[in-house]
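So the structure is just underneath, and the comments pick up after that.
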Amino acid sequence: MRKKMALFAIVGFLLGNNIMAQEIDSSMVASGRVHLLRLQKSYTLGDGLLIRSSVGSVTFNQSLQTLYAVTSANNFNTTSSEFTINRARLNVKGDIFDKRVTMTFRINYPGTYQSTTTGTRSFNPELEEALIQYSPNATHVFNIGLRADYIDTREIRIEGEDNGFIGRSATSLAFDAIFDYGVRYIGTYHIGGKQILRPYLSLTTGDGRAGLMNNYGGLKYGIRLDYLPFDEFTNGGEARMEDIAREPTPKLVIGAVCSIDKGATSAYGTNGGRYLYGDAGQNIVLPDYTKCILDYLFKYRGFYSMGSLVATSAAVPTSIAGSYKLSGAFTPFSGLSTHQVDSTVRSYLNLGTGYNIQAGYLFKSDWSFGLRYAYLNNDTYSAAFANSNRNYSFIVTKYLSGNNLKIQAEVDKYDLKSSLQSVNNECTYWGQVMICVNL
């Protein structure tokens, strides 16, 4: 019921007094006292439901991804399978003041996650985006709210519906916080010829969606700088993985990212409040978490290639004397040396390096093929996020209406670290088939 009320509130906010309870006559229209609503006359798959008026517009989109997966972790001696809904999203976007102000929000209905945080606290996993954006001109954009952040790897810049693979790479899963609440800035500067420099500034909670409940640490500061030497991608292709537009000339974007979370409370920024520490006086004391990224995306005549290199580190305060349990009780690190406390704190953070490289080709018949390789390496003192440290993926996609209707079949192989391998368990195999529809 609350979600329905929110929808009505947004429509009312964007369109003002366009929907009225009283009868409208011709004199009222002529006097300019009301603005008539208009539905989009034509429809193409993916357009959504568009409602326009003289003061703004609002668009409703839905997307659905149904998935079947089979996996085996012991050389096919046994297998398991599942049917699941990978994504089921409702997107609402509206604009006013000649599109200078936009508001978006997105709900992903399959979310059922219960946050395992300090104390009895949880967050709403269904809400993925709630954002207000102001664009005074073509150069500057400001926004505030919840969204997938710009200071993760380039994969996060691409929506799941526009992804060339069924899931994101192991590198992205290990290091990308994805959703966070904060304020951001995007600039677009033409620096000569077709060259573009695009800076992104981000100030967020560092706690992900859990930050909407309580921000236990400090803030997360981040910057991304993208360089496009050959002008913009066609039809927003920078935000899509496959080269659907079949770029007639080479297009490239190279990016560098650095962020620091001043007071990290989770492994990599997704579940704030999960790990809390205190000094001898039980005052909250937290480590700082730094992440640096280099990435790129290249497209030309149906071919694309994308890659990311990530490195993370942490600074652990020497004043940490204990930790807070999930019950909220403080437990001192009795008998531990400064080095042992430092290594204990680091063992709950994703610290190390990883890289991902992938490429694919889209034929004119709307069939595409893609390959991906990802490698992870965790530090000596780190959370164990790299047990499967070498990951291989191959995918075949049939596009029936671009990214708005497609069928994907993917096979994956995740190799265990050599130290964890056994005669009967060296890797995990996955086979997945997914249908994606955007309305």
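Figures for the structure shown
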quantity: Modelled FRET efficiency - R0 22 Å, THR79 with VAL433, Cβ distances, 0.05 increments; calculated: 0.90
quantity: Out-of-range pairs (alpha-carbon distance over 25 Å; input LYS299/LYS406; LYS93/LYS220; LYS93/LYS398); calculated: LYS93/LYS220; LYS93/LYS398
quantity: Per-residue ³J(HN,Hα) for segment 159-170, Karplus 6.51 cos²θ - 1.76 cosθ + 1.60, θ = phi - 60°, Hz, x for Gly and Pro; calculated: 4, x, 5, 9, 6, x, 10, 5, x, 7, 5, 4
quantity: Label corresponding to semi-axes √(5λ) of the Cα gyration tensor in Å when calculated from the structure given, among (i) 39, 29, 22; (ii) 57, 22, 18; (iii) 42, 24, 19; calculated: (i)
quantity: Environment charge of THR270, counting only residues whose C-beta is closer than 14 Å and scoring Lys/Arg +1, Asp/Glu -1; calculated: -2
quantity: Cα shape, segment 149-272, gyration tensor, a/c 1.5 rule; calculated: oblate
quantity: Theoretical FRET efficiency, 1/(1+(r/R0)^6), r = Cβ-Cβ of ALA329 and VAL183, R0 56 Å, to 0.05; calculated: 0.95
quantity: Using θ = phi - 60° and Karplus 6.51 cos²θ - 1.76 cosθ + 1.60, couplings along segment 273-280 (whole Hz; Gly, Pro as x); calculated: x, 5, 10, 10, 10, x, 8, 4
quantity: Whether segment 345-427 is rounded, prolate or oblate, judged on the alpha carbon gyration tensor where a/c under 1.5 counts as rounded; calculated: prolate
quantity: Cα→Cβ-extended label distance, 7 Å offset, between SER313 and LEU371, nm; calculated: 3.4 nm
quantity: Segment 89-362, accessible area per residue, ligands and nucleic acids excluded (1.4 Å, Å²); calculated: 40 Å²
quantity: Label point distance in nm, LEU225-LEU50, each placed 7 Å from Cα along Cα→Cβ; calculated: 3.8 nm
quantity: Folded to 0 to 90 degrees: helix 2-15 orientation relative to the chain principal axis, Cα; calculated: 50 degrees
quantity: FRET efficiency, SER419 to LYS262 (Cβ-Cβ, R0 35 Å, nearest 0.05); calculated: 0.50
quantity: The chain: relative contact order in percent, alpha carbon pairs under 8 Å with at least 6 residues between; calculated: 13 percent
quantity: In order through segment 429-438: 3J(HN,Hα) via Karplus (6.51 cos²θ - 1.76 cosθ + 1.60), integer Hz, x for Gly, Pro; calculated: 10, 10, x, 9, 10, 9, 10, 10, 10, 10
quantity: Order by protection proxy (mean Cβ within 10 Å, highest first), peptides 423-430, 400-407; calculated: 400-407, 423-430
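The values are calculated or read from the model by the stated rules, or taken from the named source; none is laboratory data. These numbers come from a predicted model, not from an experiment. Glycine also receives a Cβ, built like all others from the backbone with ideal geometry; neighbour counts cover every protein chain displayed. Note: accessible area is taken over every heavy atom of the protein model, side chains too, but ligands, DNA and RNA are not part of it. Shrake-Rupley method; radii C 1.70, N 1.55, O 1.52, S 1.80 Å.
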